[in-house]
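K.L.:
Below is one structure. I have some questions about it.
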Amino acid sequence: MKLLEEKIRSEGRISEGGVLKVDSFLNHQLDVEFLNEMGKEFKRLFSDVEITKILTIEASGIAIASIAAQYFGNVPVVFAKKTESKNLDADTYDSDVFSFTKGKTYKIKVSKKYMNKGDKVLILDDFLANGFATLGMIDIVKKAEAEVAGVGIVIEKSFQSGGKILRELGVNLHSLARIEFDEKNQIIFNEND
Ligand code: G4P
Ligand code: NA
Ligand code: NA
């Protein structure tokens, strides 16, 4: 997505350990007009698949998914919870997610009420790095006997293994931008959809 590439070029900052900071529009401050453009683009990329629900993970995924949902006929958005919450039903589908950056495993949870057999689920998230968070969400969809209709990612870090793993699993994956860093630590954009 050209607009996203321009946005990353002008506002993205590279920090240590191959991390791209996009706090100004995606991870802290939100550019709503821009989120709208991304929502339209996700709809274009997944226009040929039936979607009954969008699944994401707190926190950054929520805004992306909520705005995108409006282009998918306002299907419900469910976000997997990472933190223990008193509000969460006891009856949940759970999956263990290994965080590469934090070096530890955490649980993600979705109430059984909100993920149902037969649901056709579009998984959306901000970043795809090693793919553990996405794999955890896929695991939850499968536990609910629902179907993964697609995975949409805003920024795929194509030098990490998540994209390869998901494509090899046959997942219908689309990323709005695919990035890597060159030897001077400058951003390179790879081919995408
Ligand atoms: P992994 O799932 O692919 O293994 O990634 P990891 O655990 O290392 O990622 C930890 C968090 O960092 C995730 O967000 C992920 O989306 C995000 N992330 C990974 N690479 C980058 C990057 O280059 N830039 C930015 N800005 N974020 C990155 P999270 O902890 O779930 O937090 P939230 O932002 O969704 O609340
Ligand atoms: Na994040
Ligand atoms: Na995330």
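K.L.:
For His28, His174, what's the fewest-to-most ordering of other Cβ within 10 Å of each Cβ?
P.N.:
Least to most surrounded, the residues fall as His28, His174.
K.L.:
Also: With only Lys, Arg, Asp and Glu charged, each at its Cβ (+1 for the first two, -1 for the last two), find how big the charge dipole of the chain is about the Cα centre; round to the nearest 20 debye.
P.N.:
Here the size comes out at about 480 debye.
K.L.:
Sort Leu45, Leu4 so that the residue with the fewest other Cβ atoms within 10 Å of its own Cβ comes first and the one with the most comes last.
P.N.:
Leu45, Leu4
K.L.:
Further, regarding this structure: Find how much the distance from Asp94 to Tyr106 grows on full extension, using 0.36 nm per residue of separation minus their present alpha carbon separation; answer in nm with one decimal.
P.N.:
3.3 nm
K.L.:
Then there is this: Taking the dipole about the Cα centre of segment 2-190, with the C-beta of Lys and Arg at +1 and of Asp and Glu at -1, give me whichever of Val97, Gly61, Val49 is farthest to the positive side.
P.N.:
Val97
K.L.:
Turning to a different aspect of this structure: For a test of the definition: using alpha carbon positions, the gyration tensor, and the 1.5 limit on a/c, classify segment 1-126 as rounded, prolate or oblate.
P.N.:
oblate
K.L.:
Nearest 10 degrees, 0 to 90: what angle lies between the long axis of helix 132-143 and the longest principal axis of the chain (Cα atoms)?
P.N.:
Taking the Cα atoms of the chain, the angle to 132-143 is about 20 degrees.
K.L.:
Please determine, in degrees from 0 to 90 and to the nearest 10, the orientation of helix 2-11 with respect to the longest principal axis defined by the Cα atoms of the chain, where the helix direction is its Cα long axis.
P.N.:
Value to nearest ten degrees: 70.
K.L.:
Rounded, prolate or oblate: which fits segment 83-172, taking a ≥ b ≥ c as square roots of the Cα gyration tensor eigenvalues, rounded meaning a/c under 1.5, else prolate when a/b beats b/c?
P.N.:
The shape class here is oblate.
K.L.:
What is the extension gain from Glu6 to Asn36, computed as 0.36 nm multiplied by their sequence separation minus the C-alpha to C-alpha distance, in nm to one decimal?
P.N.:
Net length gain for the segment: 9.2 nm.
K.L.:
With Cβ to Cβ distances under 13 Å as the rule, what net charge do the other residues near Lys104 carry (K, R +1; D, E -1)?
P.N.:
Taking every other residue near Lys104 into account, the sum is +2.
K.L.:
Can you pick out the pairs among Lys2/Lys164; Lys7/Lys109; Lys21/Lys104; Lys143/Lys164; Lys86/Lys113 whose Cα atoms lie more than 25 Å from each other?
P.N.:
Lys7/Lys109
K.L.:
Report the net charge of residues surrounding Glu84, where surrounding means a beta-carbon distance below 14 angstrom and charges are Lys +1, Arg +1, Asp -1, Glu -1.
P.N.:
+2
K.L.:
Write out the trypsin sites (Lys or Arg not before Pro) in segment 89-193 meeting two conditions: DSSP loop, and at most 11 other Cβ atoms within 10 Å of their Cβ. If you can, show how the numbers build up before the last one.
P.N.:
Values: sites: Lys102, Lys104, Lys107, Lys109, Lys112, Lys113, Lys117, Lys120, Lys142, Lys143, Lys157, Lys164, Arg167, Arg178, Lys184; in loops: Lys102, Lys117, Lys184.
Within segment 89-193, the qualifying trypsin sites (Lys or Arg not before Pro) (loop, at most 11 other Cβ atoms within 10 Å) are Lys102, Lys117, Lys184.
K.L.:
Give me the angle, in degrees from 0 to 90, between the Cα long axis of helix 32-45 and the longest principal axis of the Cα atoms of the chain, rounded to the nearest 10.
P.N.:
So the helix axis and the longest Cα principal axis differ by about 70 degrees.
K.L.:
Given only helices, namely DSSP H runs of n ≥ 4 each adding -39500 (n - 2.57), what is the per-residue ellipticity at 222 nm of the chain, to the nearest 500 deg cm²/dmol?
P.N.:
Only helices count here, giving -8000 deg cm²/dmol.
K.L.:
Still on this model: Net charge around Ser47, counting only other residues with Cβ within less than 11 Å of its Cβ (Lys, Arg = +1; Asp, Glu = -1)?
P.N.:
0
K.L.:
Looking at the chain, what % of its DSSP beta bridges pair antiparallel, to the nearest 5?
P.N.:
45 percent
K.L.:
Moving on to the next point. List the aspartates and glutamates whose alpha-carbon lies under 17 Å from that of Lys120, not counting same-chain residues fewer than 8 positions away?
P.N.:
Result set, ordered by chain and number: Asp48, Glu50, Asp139, Glu145, Glu147.
Every number in this text was worked out from the coordinates using simple rules, so none of it is lab data. Here the structure is a predicted model, which means the values were calculated and not measured. Quick reminder, even Gly has a Cβ in these numbers, built from the backbone with ideal geometry, and neighbours come from all protein chains shown.
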